[in-house]
Structure formats: structure tokens, C-alpha cells
């Protein structure tokens, strides 16, 4: 999904935050922005309207599972409105499976939490508060089924 950003000093509509296979990246005029040398993958080098370079940084939200903010020239830009704290907490509850199910529980919990965040960006109204609970129940059910299948396979 693309999130256009209206950044001060840049041509209107020239900067976008896009979801990629590896997370999120900044694009300028349809091309992926370059990364500055000796910086981690959250930094990008953008060219302002006057031709000067400006460094931009992606700032993660909700343990990196939500759409990041963008920091440019000391200013923080929000591509989308932040989710209410209660929804973030509800979305991250499946991660508790890590403590009960080790690697398997952690994997299923992480997939459920990321799925929750993506779903919450697509739905509105009271359904936003019901969906994380449904996803949690589904994650627990999937964990129990897979764990019992593994247990039966080991015992056989």
C-alpha cells in the first residue's frame, strides 16, 4: 500500500512510503530512495526541490508491526493516524503464546499480531475491537491443533 507524504521542502506528491517485502521504504518520484552510506536500513537519502540532500528516517510504531512514522529534518510526519493504545494492546496479545508454546507459539503469535495490525488498518467501527479477539482465538486454536499434531507424531 502507498502512503503519499507532503514533506516541507519537497515537490508535492513526490515522496511516498510504500510497503515492500522487507518492510517499508521511501520512494521519490516513483523510484526507491537511496540509502546513505554507513547507515542502517531505516535511513533514506532524499533530494529536496532545491537540489540539496536531506536524510529521512523511518521510526517504528507498535514494536515495528504498524506503519512507521517518517522523520525528516527534525520533523516527525505521520503517514496515517496512530491506532488507539487499546487496539495496539489487543493486537499484541497473541505474542503471549511465545511464553506458553516456545518457538511454535512465538511464530503463531507473531503472525497473528502482524495480521491484527494489517486488519485494523482496513476496518472501521466496532469491528476494530472485535477482530483482534477473533484473531487471538483463532491463533490459540491453531496453536493447540499444531501442537497436538506434533505431540502425536512424536509419540507414534
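The values are calculated or read from the model by the stated rules, or taken from the named source; none is laboratory data. Worth saying up front: this structure is predicted, and the values here are computed from it rather than measured. Note: ideal-geometry Cβ built from the backbone for every residue, glycine included; neighbour counts use all protein chains shown.
Looking only at residues that are assigned to a loop (DSSP other than H, G, I, E, B) and at pLDDT 85 or above in segment 14-35, which one is nearest to residue 80 (Cα to Cα)?
Looking at residues that are assigned to a loop (DSSP other than H, G, I, E, B) and at pLDDT 85 or above, I get 14.
When you go through (1) closer than 23 Å to residue 1 by Cβ; (2) touching a residue at least 40 places away in the same chain (Cβ under 8 Å); (3) part of a helix (DSSP H, G or I) one by one for residue 139, which number turns out not to apply?
Here residue 139 meets the rest and fails (1).
Out of curiosity, is residue 98 assigned to a strand (DSSP E or B), over 17 Å from the mean Cα position of the chain (by Cα) and either surrounded by 17 or more Cβ atoms within 10 Å (Cβ to Cβ) or assigned by TED's automatic domain parsing to the domain that holds residue 148 (or both)?
no
Residue check: is residue 15 in contact (Cβ under 8 Å) with a residue 12 or more places away in the chain and over 18 Å from the mean Cα position of the chain (by Cα)?
Yes.
Being more than 11 Å from the chain's Cα centre (by Cα) and assigned to a helix (DSSP H, G or I) is the filter here, so list the residues in segment 111-129 that pass it.
111, 112, 119, 120, 127, 128, 129
Of everything in segment 36-58 that's within 17 Å of the chain's Cα centre (by Cα) and part of a loop (DSSP other than H, G, I, E, B), which residue is modelled with the highest pLDDT?
42
Going through segment 101-113 one residue at a time, which ones are within 21 Å of residue 1 (Cα to Cα) and surrounded by fewer than 16 Cβ atoms within 10 Å (Cβ to Cβ)?
Listed by number, the list holds a single entry, 111.
Checking residue 85 against (1) farther than 30 Å from residue 46 by Cβ; (2) within 17 Å of the chain's Cα centre (by Cα); (3) surrounded by 12 or more Cβ atoms within 10 Å (Cβ to Cβ), only one condition comes out false. Which one?
(3)
Does segment 18-35 hold any residues that are loosely packed, with under 10 Cβ neighbours inside 10 Å and over 14 Å from the mean Cα position of the chain (by Cα), and which are they?
30, 31
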